[in-house]
Each structure stands twice: as structure tokens, then as C-alpha cells.
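Q: Got a structure here, written out as C-alpha cells. Questions coming.
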Amino acid sequence: MNPARTGSAQESTLFPDLDLEIRPESQATVLVEGRAESWLQALPAGCAQLAYVDPPFGTGKVRRSQAGAYADPASQPRVYAEALMAMLEPLWSALDARGTLLVHLDHHASHYVKVALDDLCGVEAFRNEIVWCYNGGGVARSDYSRKHDVILRYAKGEPRFHVERRPYKENTQSVGRHSTYASEVQIDLERGTPLTDWWTDIPTVTGWNPERTGYPTQKPLMLLERLIATCSDPGDAVLDPCCGSGTTAVAAWRQSRVALVGDRSPEAVELTERRLLAAGQAVRRVRWPGA
């Protein structure tokens, strides 16, 4: 499941005062309990190749489930975006010259966060707004039901990117080209068609799903595995400062990446550690000073 690493994770001490390192040959996930705004500031510039963050969305609700809970205070979208920058600025700085930042949001403030990220990263660094569509949950009575999240993708330089392909639709395969109106355009039926930025094939983690941990708003493993596989190389270092149920850490390990993840919630950190250990992954856990 976790072959030899060949990527570009730096052989440097990430937290000198705590003597913690992430190295390409390391088999351990580093798990930090503490406020992301604090420990991210201690990371050296260029130490990671991919960062994913799935912060609270500003819904004004307390998310509860059998495995934990977290508060998601409501705020005006502009205020929310400004507050989120305290996390996104050090994440962007921690990425190397070809690093990728993925910010997972919903309708509450994604448009404000994108404007702030354009200012932080530069408009030219914006690469995709990935739309993850799903079913399930409540049904709105006076609005169209909101059944998608967005993942904003920003990248430095010429980013690492690996195209994922899927089989062409049956009618396209039978025709053998893109369109019945474009007979001169041939397609590669064997390789399939490149994935677009509109994802409808990844379901949410429902009660029957064997990967379900019971932690609120848990993201599916397939989603994180796709993001990590397409936006980084084996052996790369992956950051996630809001790890929740630990999906990013598990996905990184399964994709032969090095993971540095954390959360301010002790329940989330406990759950992530248990999940990783159950999967056979070694964990180096740290409680950040002042957490």
C-alpha cells in the first residue's frame, strides 16, 4: 500500500524546537494538536508540495456526531475570508516553487475567499474551481437544494499535475470520435477522457459507508485520494491543518505521500490517531505549546 517514496519532500527539520522531521523515507504521519495559525507559522518556507484545508464554513451551527463536535461560528463573508487568511498565508508560504493549495468551501463565503486568495497568491496562480456534487441530506422547501462544495486550486509556477482519465460514454465509444459532427477528431478510446472540474462520481460518507468514523462533515477518502494523486508526486509532503477525522492523512499514506496534519480539537486528533494506527500507519503526535 505504501511503496518507497520518490518525491521531493525536503529532508529538513520542520519544528527545530521540538526536533520533528519529515523526510522522504519517513513512514510516520506527524499529527499536531493546536491552533493552525500558531504551528503553521513555525514551518520553513518551501517545506511542502501540497496543502489541503477544509475549514469550518461559517454556517453558525455546532456540528455534532457520535465521534465528536466542533463549533462553526457564523460571520459575515468578508470577515470570514479575512480571518481565514491567518491560516492560508502560512500555508501558501510553506509550499515550494511548484506547490499547490486546495481550499475546500461551500456557498457561504467561497466567492469572498477567492478574491482574498487572488490577492494573496496572484490571479495568475488560480488554476481551478473544482465543483464536487453529491446527493443525500435535507431537501430545501423554498430554495434549490444546495448539493455541492467547491475546492479552489491555486498553484505556484508550473505545478505538479497528473491527468486522471475515465472511460468515454458508451455512445462516444460506439462512434469512435468526440462528436458526430467532427469526423476528423479522433479520440483515444483506450486511455479515456481527461477528468474535468465537475465531479459527480464521489458520494458523501453516509451511515452505511465502512469508512465512516462518526465525525461530523467527514470527507470521503476517494475525494482526497483524487486530489492528492493528481496534484502531487509520490514522496511529496502534504499539509492539512484542519484534519477532522483524518481523511487527508489516510489518503496521503495510501498514495505514498508524507503527511503533516493537525487540528485544534483534541477529539479530532484522537480520532485521527486511532484511524491511522488501525490502518497500520505510524504516528508522531505533538501537542503544540499553548494549545
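Q: Among what's in the stretch 188-236 and is in a strand (DSSP E or B) and modelled with pLDDT under 95, pick the residue that is surrounded by the most Cβ atoms within 10 Å (Cβ to Cβ). Steps first, answer last, please.
A: Quick first cut of the stretch 188-236, residues in a strand (DSSP E or B) only: 193-194, 198-199.
Keeping just the survivors that are modelled with pLDDT under 95 gives 193-194.
Numbers: THR193: 16, PRO194: 9.
The extreme case among them is THR193.
Q: Under 6 Å between Cβ atoms, at least 6 apart or on separate chains: pull out the pairs that start in the stretch 211-231 with a residue that is without any contact (Cβ under 8 Å) to a residue 40 or more places away in the chain and end on any residue that is of a type in the set (A, V, I, L, M, F, W, C).
A: That search, which allows pairs on different chains as well, returns GLU211/LEU221; ARG212/VAL205; GLN218/VAL205; PRO220/ILE202; PRO220/VAL205; LEU221/ALA251; MET222/ILE202; GLU225/ALA251.
Q: Report the residue count in the stretch 255-264 for those that are in contact with a helix residue (DSSP H, G or I) (Cβ under 9 Å, 6 or more places away or on another chain) and surrounded by fewer than 24 Cβ atoms within 10 Å (Cβ to Cβ).
A: 2
Every residue, every condition in (1) among the aliphatic types (A, V, I, L, M); (2) under 28 Å from ASN135 (Cα atoms), yes or no:
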{"residue": "GLY214", "(1), (2)": "no, yes"}
{"residue": "THR217", "(1), (2)": "no, yes"}
{"residue": "ARG226", "(1), (2)": "no, yes"}
{"residue": "SER245", "(1), (2)": "no, yes"}
{"residue": "ALA251", "(1), (2)": "yes, yes"}
{"residue": "ARG254", "(1), (2)": "no, yes"}
{"residue": "VAL258", "(1), (2)": "yes, no"}
{"residue": "VAL269", "(1), (2)": "yes, no"}
{"residue": "ARG274", "(1), (2)": "no, no"}
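Q: Right, here's the next one. Within the stretch 246-273, count every residue that is outside any helix (DSSP H, G or I), under 13 Å from TYR215 (Cβ atoms) and either among the aliphatic types (A, V, I, L, M) or at pLDDT 95 or above (or both). Walk me through it before giving the result.
A: Kept after step one, since they are outside any helix (DSSP H, G or I), are these residues of the stretch 246-273: 246, 255-265.
Remaining after also requiring under 13 Å from TYR215 (Cβ atoms): 246, 263, 265.
Checking which are either among the aliphatic types (A, V, I, L, M) or at pLDDT 95 or above (or both) leaves us with 246, 263.
Going through the stretch 246-273 one residue at a time, the tally reaches 2.
Q: Across the stretch 17-34, what is the total count of residues that are assigned to a loop (DSSP other than H, G, I, E, B) and modelled with pLDDT of 75 or more? Working first, answer last.
A: Restricting attention to the stretch 17-34, the residues satisfying the condition of being assigned to a loop (DSSP other than H, G, I, E, B) are 19, 23-27, 34.
So of that shortlist, the ones also modelled with pLDDT of 75 or more come out as 19, 34.
Matching residues across the stretch 17-34 total 2.
Q: Could you check the stretch 274-290 and list, in sequence order, the residues that are assigned to a strand (DSSP E or B) and among the charged types (D, E, K, R)? Walk me through how you get there before you give the answer.
A: Initial filter on the stretch 274-290 (assigned to a strand (DSSP E or B)): 282-287.
Across the stretch 274-290, the qualifying residues are ARG284, ARG285, ARG287.
Q: Among the numbered criteria (1) buried (at least 16 other Cβ atoms within 10 Å of the Cβ); (2) assigned to a helix (DSSP H, G or I), which one does ALA86 miss?
A: (1)
Q: Name the pairs: first residue in the stretch 116-131 and surrounded by 15 or more Cβ atoms within 10 Å (Cβ to Cβ), second residue part of a strand (DSSP E or B) and charged (D, E, K, R), Cβ to Cβ under 6 Å, at least 6 apart or on different chains?
A: Sorted first by the residue in the stretch 116-131, then by its partner, the pairs are ARG127/ARG153; ASN128/ARG153.
Q: If you go through the stretch 99-116 one residue at a time, how many are over 16 Å from the mean Cα position of the chain (by Cα) and within 18 Å of LEU260 (Cβ to Cβ)?
A: Number satisfying all stated conditions: 0.
Q: Can you tell me which residue within the stretch 150-187, out of those that are of a type in the set (Lys, Arg) and at pLDDT below 85, is nearest to CYS121 (Cα to Cα)? Break it down into steps so the answer makes sense when it comes.
A: So the first thing to find is which residues in the stretch 150-187 are of a type in the set (Lys, Arg), and the list is 153, 156, 160, 165-166, 169, 177.
Filter once more, keeping what is at pLDDT below 85: 169, 177.
Numbers: LYS169: 37, ARG177: 39 Å.
Within the stretch 150-187, the match that is nearest to CYS121 (Cα to Cα) is LYS169.
Q: For the stretch 94-146, give me each residue that is modelled with pLDDT of 95 or more, among the charged types (D, E, K, R) and within 26 Å of THR204 (Cα to Cα). Show your work before the answer.
A: Taking the stretch 94-146 first, the residues modelled with pLDDT of 95 or more are 94-105, 110-133.
Imposing the further condition that a residue be among the charged types (D, E, K, R) reduces the set to 96, 98, 114, 118-119, 124, 127, 129.
LYS114, ARG127, GLU129 - these are the residues of the stretch 94-146 that are modelled with pLDDT of 95 or more, among the charged types (D, E, K, R) and within 26 Å of THR204 (Cα to Cα).
Q: Considering only the stretch 35-46, I want to know if a residue exists there that is modelled with pLDDT under 75, closer than 18 Å to ALA249 by Cβ and crowded, with 20+ Cβ neighbours inside 10 Å. Show your work before the answer.
A: Of all residues in the stretch 35-46, those modelled with pLDDT under 75 come to none.
No, the stretch 35-46 contains no residue that is modelled with pLDDT under 75, closer than 18 Å to ALA249 by Cβ and crowded, with 20+ Cβ neighbours inside 10 Å.
Q: Test GLN255 against the stated conditions and say whether it is in contact (Cβ under 8 Å) with a residue 12 or more places away in the chain and over 27 Å from THR59 (Cα atoms). Spell out the reasoning first.
A: Numbers: in contact (Cβ under 8 Å) with a residue 12 or more places away in the chain: yes; over 27 Å from THR59 (Cα atoms): yes.
For GLN255, the condition - in contact (Cβ under 8 Å) with a residue 12 or more places away in the chain and over 27 Å from THR59 (Cα atoms) - is met.
The values are calculated or read from the model by the stated rules, or taken from the named source; none is laboratory data. All of these numbers come straight from a predicted model, not from anything done at the bench. Methodologically, a virtual Cβ is constructed for each residue, glycine included, from the backbone with ideal geometry; neighbour enumeration extends over all protein chains shown.
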